[in-house]
Amino acid sequence: MSELHEHPNIRTAVRYHQAVSHFAAGEELAAFFHPDAVHTQLPNALFPDGTVRRLPDLIAAAQQGRKLLAEQHFEVINAVAAGAQVALEVTWSGTLAVSLGDLTAGQVLRAHIAAFLEFRDGKIIAQRNYDCYERLRPAASDSLI
């Protein structure tokens with residue numbers, strides 16, 4: 001994917017996902033976003049109603065994620081840029097630090113993500129995520145399969 005990094009917005013999008021992998025928060029996270037940014041997460045297994053967050057709420061959610069996850073990793077599989085827009089195909093995995101409903105601490109969650117980012121002045125002004133989580137099941141049920 002190295003040839004895709006030639007586009008400045010793709011380079012920023014990849015750096016952003018790397019930073020989030022390492023639980024970037026506060027000013028480190030805010031540096032990727034335009035002050036008027038809006039992040040939309042379409043309905044999925046973890047957020048059945050979806051979410052829409054402005055920058056302060058996005059930063060708060062990142063801090064909450066640090067409490068829920070022991071580690072996480074984003075891998076950008078593919079990226080396409082056209083003008084001020086970038087489309088990404090991303091895989092994500094996260095290890096739960098705490099139990100969450102029927103899921104137990106230590107379980108690894110996985111998602112396949114399509115993310116669409118719009119840039120203004122070199123910063124992300126809008127992001128829409130379509131997160132497709134692999135089946136979420138309690139750890140005990142894994143031994144039954």
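The values are calculated or read from the model by the stated rules, or taken from the named source; none is laboratory data. From a predicted model like this one, the values you see are computed outputs, not experimental measurements. With ideal geometry, Cβ positions are generated from the backbone for all residues, glycine too; neighbour counts draw on all protein chains shown. Heavy atoms of the whole protein, side chains included, go into the accessibility calculation; ligands, DNA and RNA do not. Shrake-Rupley method; radii C 1.70, N 1.55, O 1.52, S 1.80 Å.
Data table
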{"read-out": "Average projected area [Cα convex hull, the chain], square nanometres", "value": "8.8"}
{"read-out": "In degrees, nearest ten, helix 55-68 long axis to first principal axis of the chain (Cα)", "value": "30"}
{"read-out": "Residues whose placed amide H lies under 5 Å from that of residue 37, excluding near-sequence neighbours", "value": "55"}
{"read-out": "Overall form of region 29-84 per C-alpha gyration tensor (a/c, 1.5; a/b vs b/c)", "value": "rounded"}
{"read-out": "Relative contact order (percent, whole number), the chain, Cα cutoff 8 Å, 6+ residue spacing", "value": "25"}
{"read-out": "For the chain, accessible area per residue (1.4 Å probe, heavy atoms of protein chains only), Å²", "value": "56"}
{"read-out": "Trypsin sites (Lys or Arg not before Pro) within region 44-145: DSSP coil, no more than 15 neighbouring Cβ in 10 Å", "value": "135"}
{"read-out": "Ellipticity estimate at 222 nm from DSSP helix runs (n ≥ 4, -39,500 (n - 2.57)) divided over the chain, nearest 500", "value": "-7500 deg cm²/dmol"}
